[in-house]
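Asker: Before anything else, here's the structure in question.
Each value in this text was obtained by applying a stated rule to the coordinates, not by laboratory testing. None of these values were measured; they are calculated from a predicted model. Glycine gets a Cβ as well: all are built from the backbone with ideal geometry, and neighbour counts include every protein chain shown.
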Number of protein chains: 2
Amino acid sequence: MIGQPDLHTLVAHLGPLVGTWRGAGSGSYPTIESFSYVEEVTFGHVGKPFLAYGQKTRHAETSLPLHAESGYLRPVAANRLEFVLAHPTGILESLTGTVETNSRGLVLDLHSTSVTGTATSVSVTAVVRRFELVADVLSYKVAMAAVGEPLTHHLAGTLHKST
Amino acid sequence: MIGQPDLHTLVAHLGPLVGTWRGAGSGSYPTIESFSYVEEVTFGHVGKPFLAYGQKTRHAETSLPLHAESGYLRPVAANRLEFVLAHPTGILESLTGTVETNSRGLVLDLHSTSVTGTATSVSVTAVVRRFELVADVLSYKVAMAAVGEPLTHHLAGTLHKST
């Protein structure tokens with residue numbers, strides 16, 4: 001095995017994301033009851049021009065696993081990103097958007113260019129994801145259009161980097 | 001934290017896959033030079049009715065990272081599976097197929113129902129994946145139709161479970 005390589009220059013501006021983040025979030029949608037969860041998000045890298053993304057949530061009280069998702073964040077031009085994600089529910093998201101860096105952190109604004117799924121997955125037609133890193137706090141919001149509903153807020157969470 | 005839960009009954013027949021597998025493989029395609037790699041594949045679970053899949057390859061000689069992919073394997077009926085996968089190249093695969101279990105192991109035969117990608121990803125139009133577990137050896141083959149070529153063998157590897 002070799003040690004952890006340096007960040008690729010094309011993802012250097014995303015360096016503050018790299019690591020494991022833990023915290024809590026809540027979800028709502030017109031078709032379901034609202035819920036709360038604890039969460040772990042990891043952004044990893046292997047020295048290539050992308051970040052690996054993994055997410056797991058657990059029920060806030062029972063600790064039973066709820067959701068998971070995994071994928072890759074890939075810069076494609078200055079301040080532009082693509083994000084591809086797979087879900088155990090059979091959903092696949094392809095998103096594109098922007099990254100803004102400033103002295104306090106960074107903001108990723110992403111919207112889906114396609115959402116596909118397996119034959120048994122529910123219908124999701126659009127997803128919007130925003131990540132905001134300010135100082136040491138990573139917060140995010142996810143909106144989606146699904147099961148006939150228009151684009152509607154779905155998830156929000158606040159995470160701190162795990163040491 | 002809670003300990004490792006039992007396998008969900010809907011993935012019990014896939015139990016022999018769960019763990020970390022290491023080995024080597026080789027790749028070829030009409031449009032590229034053939035190549036060899038070392039590989040690590042992980043099938044994980046959290047007690048829910050799916051397996052998480054992660055894969056990483058490195059150059060056989062230099063140990064530099066080559067490919068990665070991640071996703072989820074989800075049984076949808078007796079002997080039927082779906083498999084969703086994201087790639088750092090911007091490709092997203094949705095596959096469906098069968099699992100056969102026998103006294104020596106199991107065989108997964110999967111073919112894509114859709115392959116999508118980001119605006120900057122290469123064109124892949126079909127993928128066929130076969131996993132075969134015989135005793136303690138996991139082998140796989142991947143064929144794909146891409147960049148204008150018909151469905152053609154692309155990857156083969158042989159892995160052993162890491163202890």
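Asker: For the structure I just gave you, tell me whether B:GLU39 is more than 13 Å from every other protein chain (Cβ to nearest Cβ), assigned to a strand (DSSP E or B), out of contact with any helix residue (DSSP H, G or I) (no Cβ under 8 Å at 6 or more places or on another chain) and acidic (Asp, Glu).
Answerer: It is true that B:GLU39 is more than 13 Å from every other protein chain (Cβ to nearest Cβ), assigned to a strand (DSSP E or B), out of contact with any helix residue (DSSP H, G or I) (no Cβ under 8 Å at 6 or more places or on another chain) and acidic (Asp, Glu).
Asker: Tell me which residues, restricted to the stretch A:100-115, are surrounded by fewer than 20 Cβ atoms within 10 Å (Cβ to Cβ) and out of contact with any Gly (no Cβ under 7 Å at 6 or more places or on another chain). Walk me through it before giving the result.
Answerer: If we filter the stretch A:100-115 for residues that are surrounded by fewer than 20 Cβ atoms within 10 Å (Cβ to Cβ), which is where we start, we get A:100-107, A:109, A:111, A:113-114.
Result: A:GLU100, A:THR101, A:ASN102, A:SER103, A:ARG104, A:GLY105, A:LEU106, A:VAL107, A:THR113, A:SER114.
Asker: For the stretch B:27-36, what are the residues that are in a strand (DSSP E or B), hydroxyl-bearing (Ser, Thr, Tyr) and in contact (Cβ under 8 Å) with a residue 40 or more places away in the chain?
Answerer: B:SER28, B:TYR29
Asker: Evaluate the stretch A:27-34: report whether one residue or more is among the small types (Gly, Ala, Ser), within 13 Å of another protein chain (Cβ to nearest Cβ) and either touching a His at 6+ places or on another chain (Cβ under 8 Å) or surrounded by 15 or more Cβ atoms within 10 Å (Cβ to Cβ) (or both). Write out each step before concluding.
Answerer: Pass one, the stretch A:27-34, residues among the small types (Gly, Ala, Ser): A:27-28, A:34.
Next cut, within 13 Å of another protein chain (Cβ to nearest Cβ) only: none.
There is no residue in the stretch A:27-34 that is among the small types (Gly, Ala, Ser), within 13 Å of another protein chain (Cβ to nearest Cβ) and either touching a His at 6+ places or on another chain (Cβ under 8 Å) or surrounded by 15 or more Cβ atoms within 10 Å (Cβ to Cβ) (or both).
Asker: For the stretch A:5-26, what are the residues that are in a loop (DSSP other than H, G, I, E, B), among the aliphatic types (A, V, I, L, M) and in contact (Cβ under 8 Å) with a residue 40 or more places away in the chain?
Answerer: Of everything in the stretch A:5-26, just one residue is in a loop (DSSP other than H, G, I, E, B), among the aliphatic types (A, V, I, L, M) and in contact (Cβ under 8 Å) with a residue 40 or more places away in the chain, namely A:LEU7.
Asker: Tell me whether the stretch A:22-44 contains one or more residues that are over 30 Å from B:ARG22 (Cβ atoms), among the polar types (S, T, N, Q) and under 15 Å from the mean Cα position of the chain (by Cα).
Answerer: Yes.
Asker: Give just the number: which of (1) more than 12 Å from the chain's Cα centre (by Cα); (2) facing another protein chain (nearest Cβ under 10 Å) does A:GLY105 not satisfy?
Answerer: (2)
Asker: May I pose another question? Out of everything in the stretch A:125-150 that is buried (at least 20 other Cβ atoms within 10 Å of the Cβ) and closer than 30 Å to B:ARG74 by Cβ, what residue ends up being farthest from the chain's Cα centre (by Cα)?
Answerer: A:ALA146
Asker: Restricting to the stretch A:109-163, name every residue that is within 20 Å of A:GLY97 (Cα to Cα) and touching a Pro at 6+ places or on another chain (Cβ under 7 Å).
Answerer: A:LEU133, A:THR152
Asker: Let me ask something else. Among the residues of the stretch A:61-81, are any among the basic types (Lys, Arg) and at the interface with chain B (Cβ under 7 Å from one of its Cβ atoms)? Before the answer, list the steps.
Answerer: Within the stretch A:61-81, the subset among the basic types (Lys, Arg) is A:74, A:80.
Next, from what is left, pick out any that are at the interface with chain B (Cβ under 7 Å from one of its Cβ atoms): A:74.
Looking for residues that are among the basic types (Lys, Arg) and at the interface with chain B (Cβ under 7 Å from one of its Cβ atoms), one finds at least one in the stretch A:61-81, hence yes.
Asker: Okay, moving on. Among the residues of the stretch A:42-60 satisfying the criterion of being among the hydrophobic types (A, V, I, L, M, F, W, C) and outside any loop (DSSP other than H, G, I, E, B), which is farthest from B:GLN4 (Cα to Cα)?
Answerer: Of all residues in the stretch A:42-60, those among the hydrophobic types (A, V, I, L, M, F, W, C) come to A:43, A:46, A:50-52, A:60.
After this cut, where a residue has to be outside any loop (DSSP other than H, G, I, E, B) as well, the list is A:43, A:51-52.
Working: A:PHE43: 23, A:LEU51: 27, A:ALA52: 24 Å.
Only one residue fits best here, namely A:LEU51.
Asker: Among (1) loosely packed, with under 14 Cβ neighbours inside 10 Å; (2) within 14 Å of chain B (Cβ to nearest Cβ), where does A:LEU10 come up short?
Answerer: (1)
Asker: Select, from B:ALA68, B:ALA86, B:ALA60, B:ALA78, the only residue that is closer than 21 Å to B:VAL134 by Cα and without any contact (Cβ under 8 Å) to a residue 60 or more places away in the chain.
Answerer: B:ALA78
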